[in-house]
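*Asks:* Quick one: the structure is below, and I'll ask about it shortly.
The values are calculated or read from the model by the stated rules, or taken from the named source; none is laboratory data. No experiment lies behind these values; they were computed from the predicted model shown. Here the Cβ positions follow ideal geometry from the backbone for every residue, glycine too, while neighbour counts run over all protein chains shown.
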Amino acid sequence: MTHSSPEERSPVLEIIGGHRLSGEVRISGAKNSALVLMAGSLLCSQDCRIRNVPSLADVARMGEVLSALGVKITRSEDALEIDARHLSQSKAPYELVSQLRASFFIIGPLLARLGIARIPLPGGCAIGARPVDLHVRGLQAMGADVQIEHGTVHACIPGVNRRLKGARIYLDYPSVGATETLMMAATLADGETILENAAQEPEVVDLANFCRAMGARIRGAGTNTIVISGVPSLHSVDYAVIPDRVEVGTFLVAGAITQSELSLAPVVPDHLTAVIAKLGAIGSEVIQETPNRLRIVPGASRGTDIETLPYPGFPTDMQAQFMALLTLSEGDSIITETVFENRMGHVAELNRMGADIRTKGNHAVIRGVPFLTGAPVVATDLRASAALVLAGLAARGTTIIQGLHHLDRGYDDLEGKLKLLGAQIRRVKGDAGAESVSSLPVMPRS
Ligand code: UD1
């Protein structure tokens, strides 16, 4: 009889690598849009319907955060019905916010609706310090009194009418979350807010479009200057989330790394310019078959250099997946991570699979190897787990991935979708997986 700790028994992903994939992938709605639209629904005291919402642990958790605030939320298929009429609670529960950074973004709408918000400092992926100073300074510029005490941000609007005031705010860094927090807060403020050096990510534009569909007055989203003219209230809305560009990118890399042609839809190709350009530099062609469908036609991979940057630069959320691809590309590559200071957790695990990667600070030097070998590995964050799945698909032998809660936070049925393409992938109990790990050699860390 074997004795295993509960951790060992939690499910693992078993991938038998080296198989070609083929077919079509249906892309889900964007995680990062869906989460912030859910936060944005707090601005509205009528019914909100958000469609094309991916089925993810993070979305479920955000739903729990909203419920804890007195909001009614129901899901039917891919749609969320949200009724924030009776939004009553200004304090978000620590147990939930600590697990999901995006839930901190409710501070803007909550403050705008109730004049008070008490939100614990956020959690999320362990990919760096991720402070919230830009959110806080922006809200202060709009007249909020904000204090951080005992790990909780206490914000309130002094005065009788309890409305934020429009302000000119320059963000020291084009933070996605701070842009979204402040844009939401400004929709119900008195007067005009100008956000300078704003984030230009497609999810910011999606949030602006969602708020505009509720009657908000916002222009310039998608550029570095966003202007919001406050309105007294917002009305009900029925809105569909944009496709997930990170899921698209992940499947494009799946095609390139397994040398397989794949077709993906629905997609907004313009959201993927940097990713498509880098795939081209590495040797794979991405063809736009129709306005919302892409096909990847893989070629022999060669190394290239990548630096992550705010949009429209190369996305940090695709860094780990491209690193997996570059481990098998001919020659040397350098990846520089500039957005987060601690986003290299996948390096040690890829090296366990036979990759040759050295890191110094936020730089990784990748020397291409002819093949990877399956190994037991541990996912350290959401995108790192995707990188390990991709490496496992291409590796010789069996890869066992632990730490699936990261994957489940942000990918809507990744293994189901890969299975449909012919991948040998299954979720098994930790023990079963551990028994089936072949005794392939584990390469030392370089
Ligand atoms: C969002 C995305 C995440 C993506 C990231 C960058 C969501 C839910 N998550 O995260 O998937 O990787 O954008 O594209 O949308 N920073 C500060 N002070 C602040 C805010 C941020 O210093 O007040 C720093 C962060 O520590 C980080 C950098 O700015 O180093 C970028 O963070 P930000 O753009 O805010 O990312 P998130 O909104 O957290």
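*Asks:* Against the condition out of contact with any Gly (no Cβ under 6 Å at 6 or more places or on another chain), in contact (Cβ under 8 Å) with a residue 24 or more places away in the chain and at positive phi, how does GLY143 come out, does it pass?
*Replies:* On the way: out of contact with any Gly (no Cβ under 6 Å at 6 or more places or on another chain): yes; in contact (Cβ under 8 Å) with a residue 24 or more places away in the chain: yes; at positive phi: yes.
Considered against the rule, which asks whether it is out of contact with any Gly (no Cβ under 6 Å at 6 or more places or on another chain), in contact (Cβ under 8 Å) with a residue 24 or more places away in the chain and at positive phi, GLY143 comes out as yes.
The rows are residues; the columns are (1) more than 16 Å from the ligand (Cβ to nearest atom); (2) free of Cβ contacts under 8 Å to residues at least 12 places away in the same chain; (3) surrounded by 22 or more Cβ atoms within 10 Å (Cβ to Cβ).
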| position | (1), (2), (3) |
| --- | --- |
| VAL25 | yes, no, yes |
| LEU37 | no, no, yes |
| VAL59 | no, no, yes |
| GLY63 | no, no, no |
| ASP78 | yes, no, no |
| PRO93 | yes, no, no |
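*Asks:* Also, quick follow-up: Give the range 160-182 a look and list any residue that's within 17 Å of ILE119 (Cβ to Cβ) and under 25 Å from the mean Cα position of the chain (by Cα), or say none.
*Replies:* Just the residues of the range 160-182 that are within 17 Å of ILE119 (Cβ to Cβ), to begin with: 164, 175, 177-178, 180-182.
Of everything in the range 160-182, those that are within 17 Å of ILE119 (Cβ to Cβ) and under 25 Å from the mean Cα position of the chain (by Cα) turn out to be SER175, GLY177, ALA178, GLU180, THR181, LEU182.
*Asks:* Taking the condition of being free of Cβ contacts under 8 Å to residues at least 60 places away in the same chain and out of contact with any strand residue (DSSP E or B) (no Cβ under 7 Å at 6 or more places or on another chain), how many residues in the range 232-269 meet it? Spell out how you get there, then give the answer.
*Replies:* Here is the first cut: in the range 232-269, the residues free of Cβ contacts under 8 Å to residues at least 60 places away in the same chain are 232, 252, 269.
If we keep only those that are out of contact with any strand residue (DSSP E or B) (no Cβ under 7 Å at 6 or more places or on another chain) too, we end up with 232.
Here the count works out to 1.
*Asks:* Residue under question is GLY374, and the condition is that it be modelled with pLDDT of 95 or more and surrounded by fewer than 20 Cβ atoms within 10 Å (Cβ to Cβ); does it hold? Break it down stepwise before answering.
*Replies:* Values: modelled with pLDDT of 95 or more: yes; surrounded by fewer than 20 Cβ atoms within 10 Å (Cβ to Cβ): no.
Taking the combined requirement at face value, the residue does not satisfy it.
*Asks:* A further question on this structure: Consider the range 275-296. How many of its residues are surrounded by fewer than 18 Cβ atoms within 10 Å (Cβ to Cβ) and touching a residue at least 24 places away in the same chain (Cβ under 8 Å)? Before you say what the answer is, go through the steps one by one.
*Replies:* Initially, the range 275-296 is screened for residues surrounded by fewer than 18 Cβ atoms within 10 Å (Cβ to Cβ), giving 277, 280-281, 283, 285, 287-293.
From the residues that got through so far, the ones that are touching a residue at least 24 places away in the same chain (Cβ under 8 Å) too are 283, 289-290, 292-293.
The number of residues fulfilling the criteria is 5.
*Asks:* Starting from residues that are aliphatic (A, V, I, L, M) and more than 16 Å from the ligand (Cβ to nearest atom), keep the ones in the range 131-178 and report whichever is surrounded by the most Cβ atoms within 10 Å (Cβ to Cβ). First the steps, then the outcome.
*Replies:* Step one: list which residues in the range 131-178 are aliphatic (A, V, I, L, M), which gives 132, 134, 136, 139, 141-142, 144, 146, 148, 153, 155, 157, 160, 164, 167, 169, 171, 176, 178.
In the following step, the residues that additionally are more than 16 Å from the ligand (Cβ to nearest atom) were identified as 157, 160, 164, 167.
Numbers: ILE157: 22, VAL160: 5, LEU164: 26, ALA167: 19.
The qualifying residue surrounded by the most Cβ atoms within 10 Å (Cβ to Cβ) is LEU164.
*Asks:* For LEU234, all conditions in the list (1) of a type outside the set (S, T, N, Q); (2) buried (at least 21 other Cβ atoms within 10 Å of the Cβ); (3) within 21 Å of the chain's Cα centre (by Cα) hold save one; what is the number of the exception?
*Replies:* It fails just one condition, (3).
*Asks:* For residues in the range 237-247 being of a type in the set (A, V, I, L, M, F, W, C) and over 12 Å from the mean Cα position of the chain (by Cα), which is surrounded by the most Cβ atoms within 10 Å (Cβ to Cβ)?
*Replies:* In the first step, residues of the range 237-247 are kept if they are of a type in the set (A, V, I, L, M, F, W, C); the result is 237, 240-242, 246.
Imposing the further condition that a residue be over 12 Å from the mean Cα position of the chain (by Cα) reduces the set to 237, 240-242.
Details: VAL237: 21, ALA240: 17, VAL241: 26, ILE242: 22.
Among those that are of a type in the set (A, V, I, L, M, F, W, C) and over 12 Å from the mean Cα position of the chain (by Cα), it is VAL241.
*Asks:* Now, a different point. Report yes if GLU203 is crowded, with 24+ Cβ neighbours inside 10 Å, within 29 Å of VAL241 (Cβ to Cβ) and within 24 Å of the chain's Cα centre (by Cα), otherwise no.
*Replies:* Working: crowded, with 24+ Cβ neighbours inside 10 Å: yes; within 29 Å of VAL241 (Cβ to Cβ): yes; within 24 Å of the chain's Cα centre (by Cα): yes.
Yes: the conditions hold for GLU203.
*Asks:* When both residues are 6+ apart or on different chains and their Cβ atoms are under 8 Å apart, which pairs have a first residue that lies in the range 380-402 and is on the phi > 0 side of the Ramachandran plot and in contact (Cβ under 8 Å) with a residue 12 or more places away in the chain, and a second that is among the hydroxyl-bearing types (Ser, Thr, Tyr) and within 16 Å of the ligand (Cβ to nearest atom)?
*Replies:* none
*Asks:* Could you go through the range 354-363 and let me know if any residue there is closer than 29 Å to ASP270 by Cα and aliphatic (A, V, I, L, M).
*Replies:* The first filter runs over the range 354-363 and keeps only residues closer than 29 Å to ASP270 by Cα, leaving 362-363.
Checking which are aliphatic (A, V, I, L, M) leaves us with none.
No, every residue in the range 354-363 fails to be closer than 29 Å to ASP270 by Cα and aliphatic (A, V, I, L, M).
*Asks:* Continuing with the same structure: With (1) of a type outside the set (S, T, N, Q); (2) closer than 17 Å to ALA384 by Cα; (3) within 21 Å of the chain's Cα centre (by Cα) as the list, and GLY313 as the residue in question, which single condition is left unmet?
*Replies:* (2)
*Asks:* Same structure, new question: Within the range 39-57, can you find the residues that are under 15 Å from PRO243 (Cα atoms), away from the ligand (no atom under 13 Å from the Cβ) and in a loop (DSSP other than H, G, I, E, B)? Outline the logic, then answer.
*Replies:* Start the filter on the range 39-57 by keeping residues that are under 15 Å from PRO243 (Cα atoms), which leaves 50-56.
Okay, now just the ones that are also away from the ligand (no atom under 13 Å from the Cβ), so 50-53, 55.
Answer for the range 39-57, where residues must be under 15 Å from PRO243 (Cα atoms), away from the ligand (no atom under 13 Å from the Cβ) and in a loop (DSSP other than H, G, I, E, B): ASN52, VAL53, SER55.
Let's see how each residue does on (1) of a type outside the set (A, V, I, L, M); (2) within 30 Å of GLY255 (Cβ to Cβ); (3) in a loop (DSSP other than H, G, I, E, B); (4) more than 15 Å from the ligand (Cβ to nearest atom):
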{"site": "LEU13", "(1), (2), (3), (4)": "no, yes, no, yes"}
{"site": "LEU21", "(1), (2), (3), (4)": "no, yes, yes, yes"}
{"site": "ASN32", "(1), (2), (3), (4)": "yes, yes, no, no"}
{"site": "SER67", "(1), (2), (3), (4)": "yes, no, no, yes"}
{"site": "ARG75", "(1), (2), (3), (4)": "yes, no, no, yes"}
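*Asks:* Have a look at GLY430, GLY397 and point out the one that is within 21 Å of ALA386 (Cβ to Cβ) and modelled with pLDDT under 90.
*Replies:* Working: GLY397 fails: modelled with pLDDT under 90.
It is GLY430.
*Asks:* Something else now. Residues to consider are ALA186, ALA198; find the one that is over 18 Å from the mean Cα position of the chain (by Cα) and within 13 Å of the ligand (Cβ to nearest atom). Full working, then the answer.
*Replies:* Numbers: ALA186 fails: within 13 Å of the ligand (Cβ to nearest atom).
Within the list ALA186, ALA198, the selection yields ALA198.
*Asks:* Also, I was wondering about something else. Pairs, please: C-beta under 9 Å, at least 6 apart or cross-chain, first residue in contact (Cβ under 8 Å) with a residue 60 or more places away in the chain and in the range 177-188, second within 14 Å of the ligand (Cβ to nearest atom) and of a type in the set (S, T, N, Q)?
*Replies:* Hits for this filter: THR181/SER175.
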